Amino acid sequence: MAKVIYFDNNATTKVAPEVFEAMKPFLTDLYGNPSSMHTFGGQVEKYIRHSRESIAGLLGCDSSEIIFTSCGTESDNAAIKGVLEALPEKRKIITTRVEHPAVLATCRQMQTLGYKLVELGVNGEGQIDLNELESQVDDDTAIVTIMYANNETGVIFPIDKIAAIVKAKGAVFHTDAVQAVGKIPLNLDKSNIDLLSLSGHKLHAPKGVGVLYIRKGTRISPFIIGGHQEKSRRAGTENVAGIVALGRAAELAAKEIKQENTKVKKLRDRLENALLINCPDAMLNGDKVNRLPNTTNISFEFIEGEAILLSLDQFGICASSGSACTSGSLEPSHVMRAMGVPFTAAHGSIRFSLSRYNTEEEVDFVIEKMPGIINRLRDISPFVK
Amino acid sequence: MWDYNKKVMEYFLHPVNAGEIENPDGVGEEGSLACGDMLKLTFKLGKDGRIADVKFKTFGCASAIASASIMTEMVKGLTIEEAEKITNKDIVDKLGGLPEQKMHCSVMGMEALQAAIANYRGGKARAGKITEGKIVCTCFGITDKEIEKVIIENDLDSVEQATNYCKAGGGCGSCRGEIQQIIEKVRGKKASKEEIAAKPKKLTNLQKIQLIQRTISEQIRPLLKADGGDIDLIDVDGSKVIVAFRGMCSQCPTAEFTLKDVVEARLREFVSSDIIVEEQSE
């Protein structure tokens, strides 16, 4: 394949070279099982411990609160189902309409099993009403699950305030922080978050490893049984290479997190401003201020997202869209619809998500190519007079 | 990612006949913004009565643009009668195939062509879509006639296929049962084999009672328990099922609705379509 300009980092990221180096020995020489009694296997255990500490360092929590899983989706499923199982007398779940399907589909499955589900709506900027949240949390509420930052728009929820509200009412609070970890600083010791999901491949570790943070004292049932691993909460022989990789990625993220808010944000803003100026009838989706530094979601009116993406693809530019056609469903993204973005704009929404590996040249290349793509598609659109 | 063939990509990236003819002899529009795609077709006849020029404008994905463009090539030079015979299948064949979920793009092409021909014949300023029949899919405004047409022309036998071809049933999904009925009607009751296999054979009385009990405990009780209620099975008499509400349900003013909308509906779905549920009389 020719040159690739990768602006789809909310979908997945490149494995950092340092991360790849760190995990390699565990796919070759150090293949032992950390549970073994012999030195050859047992020596692996200390690398897992080190990884746990690195991740705890990035999150600002204790390493005993880190449980390794296989992905963010597993962490979300485990958090929601595990809490409901541990609190059988409580029957209510609260979430938002803009969650990732890993959370939304799990909550809706619980609803079919008889749980009461409240899905909070959002305003045009993608923000929930905190008063509405407060009035919904009651004694029957087992868990409130609200994402840290939205994958499509990058909108950040005021999670510390939300967690405090939920805590005051005595319910368990879970946050899907898959898009936030590594992009914005977190400090779990100073927050009221009980459970937090993260995914390795969103922060330059490989696919197949995730974490569920469980605050000490949180009541949650084991989610995979049949072994003592991860304190018997998530049994199964550890994905050692993946865990070591995630630990290294967490160390890098902690070191580079300033760059996210300087270098990456600057590139994002350069791209966003140029596209909004150079392409007429384009608008930004979401909350411009409370937003991840790497994400921009722009709607180009009168044209359709898949056609834009395939045109970008001709130049090796990778992005994503909330249009119906790209998902294989017939309706545009549930996030765009929840925010009340008009159909004209929702079908033509394009998300660019950057990382610290992107360059100014790449941004300028997209700025150069985009107006031509938009104009060509508008020339053949029946909505442009 | 969609697996578009080279021809589809070629017609998407370099479409022929894009644009709009001034003072056309026929105009056809199909689709809408809400649907996510729209096609406007205009044509002009030559002195010999054949289509001399035809242009399209499309809002939509790559396959929508490619379908419209290749169709304009196909109809150029044809008489109205010849053009009228073009089906969505002809468009797909000419493109060398489309992904299954994108079939509706070719249907939109055919429908816009037919609307343009109807407009030419009717001499109206502008023709909309076929309005015959009754709306089945309210999300996308698809009528029973349109659904029947795609089923017949493409030999479809499942609701999922019907959705891929004309979008009906792809929104809220509440019309899927009705689409299934249309398929059954069109195909002379020979609908999708799985659908038939899924329906249980005639049950013995014992099997029926066991199935009713299982449905109540797995499907109905958890719902009622969420609101502090419960339900007991009292008796089964032929297709009549007698139940009693317990807990909150016994004093609930909406228990009657629960009886029909929840209990009866679930038992009809999982046990037998002729079930009637009654509450035990005191």
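The values are calculated or read from the model by the stated rules, or taken from the named source; none is laboratory data. Quick caveat, the model's predicted, so the values are computed rather than measured. Here Cβ is always computed from backbone atoms with ideal geometry, including for glycine, and neighbour counts include all displayed protein chains. The protein model used for the area step is the full one, side chains on, heavy atoms only, and it has no ligands, DNA or RNA in it. Shrake-Rupley method; radii C 1.70, N 1.55, O 1.52, S 1.80 Å.
Could you list the chymotrypsin sites (Phe, Trp or Tyr not before Pro) in the range A:345-383 that lie in coil according to DSSP, counting only those with at most 16 other Cβ atoms within 10 Å of their Cβ? Filter output for the range A:345-383: A:357, A:383.
Once the mean of 1/r is taken over each pair of separate Cα atoms and inverted, the protein assembly as shown shows a Kirkwood hydrodynamic radius of 28.2 Å.
Length available on full extension from residue B:81 to residue B:280: 0.36 nm per residue minus the Cα-Cα distance, which gives 65.1 nm. Sequence-ordered 3J(HN,Hα) estimates for the range A:311-318 from the Karplus curve with 6.51, -1.76 and 1.60 and θ = phi - 60° stand at 5, 4, 4, 4, 9, x, 8, 9 Hz, glycine and proline given as x. Straight-line cross-link partners of residue A:24 among the lysines, defined as a Cα under 24 Å from its Cα and at least 8 positions apart when in the same chain: A:14, A:46, A:202, A:207, A:255. Overall shape of chain B was characterised from the C-alpha gyration tensor. The equivalent ellipsoid obtained from it has semi-axes of 52, 18, 17 Å, in decreasing order. For the pair residue B:184 and residue B:237, the difference between a 0.36 nm per residue extended length and the Cα-Cα distance amounts to 16.0 nm.
Taking only the C-alpha atoms of chain A, Rg followed by Dmax gives 21.5, 76 Å.
Counting only DSSP H runs of at least 4 residues, each contributing -39500 (n - 2.57), and dividing by the residue count of chain B, the helix-based mean residue ellipticity at 222 nm comes to -12000 deg cm²/dmol.
Could you bin all the Cα-Cα distances of the range B:6-122 into 5 Å bins starting at 0 and give me the percent of pairs in each, rounded to whole numbers? Once binned at 5 Å, the Cα pair distances of the range B:6-122 give 2, 13, 26, 26, 19, 10, 3, 1, 0. Applying 0.36 nm per residue to the separation of residue A:219 and residue A:97 and subtracting their alpha-carbon distance, the gain on full extension is 41.4 nm. Restricting the range A:230-294 to trypsin sites (Lys or Arg not before Pro) that sit in a DSSP loop and have at most 16 other Cβ atoms within 10 Å of their own Cβ leaves A:288. For chain A, the per residue solvent-accessible surface stands at 39 Å², with DNA, RNA and ligands left out and a 1.4 Å probe. Using 26 Å as the Cα-Cα cut-off, could you pick out the over-long pairs in B:40/B:94; B:208/B:260; B:94/B:149; A:231/B:225? Where the Cα-Cα span goes over 26 Å, the pairs concerned are A:231/B:225.
Calculated FRET efficiency, residue A:283 and residue A:129, Cβ-Cβ r, R0 25 Å, to nearest 0.05? Numbers along the way, then the final one.
Numbers: r = 23 Å, r/R0 = 0.92.
Plugging the Cβ-Cβ distance into 1/(1 + (r/R0)^6) gives 0.60.
Of the GluC sites (Glu not before Pro) found in the range A:1-106, the ones in coil according to DSSP and having at most 14 other Cβ atoms within 10 Å of their Cβ are A:89. A straight line joining the Cα centroids of the range A:106-172 and the range A:343-385 runs 33 Å.
Straight-line cross-link reach from residue B:202 at under 22 Å between alpha-carbon atoms covers these lysines, not counting any fewer than eight positions away in the same chain: B:189, B:190, B:193, B:240.
Can you give the mean number of other chain Cβ atoms that lie within 10 Å of the Cβ atoms in peptide A:307-314?
Counting Cβ atoms of other protein chains within 10 Å of each residue's Cβ and averaging gives 4.
Here's how it looks for residue B:136: its modeled amide H is under 5 Å from those of B:142, B:143, B:144, which are all 5 or more places away or on a different chain. Volume per residue for the range A:23-80 equals 107 cubic angstrom (convex hull of Cα atoms).
Put a dot 7 Å past the Cα of residue A:273, heading toward its Cβ, do the same for residue B:14, and the two dots end up 3.9 nm apart. For the range A:255-260, putting each phi into the Karplus relation 6.51 cos²θ - 1.76 cosθ + 1.60 with θ = phi - 60° gives couplings of 6, 9, 4, 4, 4, 4 Hz, in residue order, rounded to whole numbers and with x for Gly and Pro.
Among the listed pairs B:7/B:185; A:265/A:385; A:263/A:369; B:76/B:134, which have their C-alpha atoms separated by more than 27 angstrom in this model? Table pairs above 27 Å Cα-Cα are B:7/B:185; A:265/A:385; B:76/B:134. Computed over all pairs of different Cα atoms, the Kirkwood value for the hydrodynamic radius of the range A:295-376 is 13.1 Å.
Calculated FRET efficiency, residue A:357 to residue B:160, Cβ-Cβ distance, R0 = 51 Å: about 0.80 to the nearest 0.05. Multiplying each eigenvalue of the alpha-carbon gyration tensor of the range A:60-138 by 5 and taking the square root yields semi-axes of 22, 17, 14 Å, largest first, rounded to whole angstroms. The alpha carbon centroids of the range A:228-260 and the range A:1-68 are separated by 5 Å. Counts of other chain beta carbons within 10 angstrom of each beta carbon in peptide A:377-385 average 6.
Neighbouring Cβ atoms from other chains, within 10 Å of the Cβ of residues in A:341-349, number 3 on average. Under Stokes-Einstein, with the Kirkwood radius over Cα pairs as Rh, the value for the range B:205-279 at 10 °C and 1.306 mPa s is 132 µm²/s. With only Cα atoms counted, the range A:177-323 has Rg and Dmax values of 19.5, 59 Å. A simple rule links phi to the HN-Hα coupling: the Karplus curve 6.51 cos²θ - 1.76 cosθ + 1.60 with θ = phi - 60°, which for the range B:213-219 gives 4, 5, 5, 5, 6, 8, 9 Hz, with x for Gly and Pro.
In the context of the full set of protein chains, residues of chain B present 51 Å² of accessible surface per residue (probe radius 1.4 Å, heavy atoms only). The alpha-carbon of residue B:89 sits under 14 angstrom from the alpha-carbons of these aspartates and glutamates, leaving out residues fewer than 8 places away in its chain: B:100, B:111, B:153, B:155.
Between residue A:375 and residue A:187, the C-beta separation translates, for a Förster distance of 51 Å, into a calculated FRET efficiency of about 0.65.
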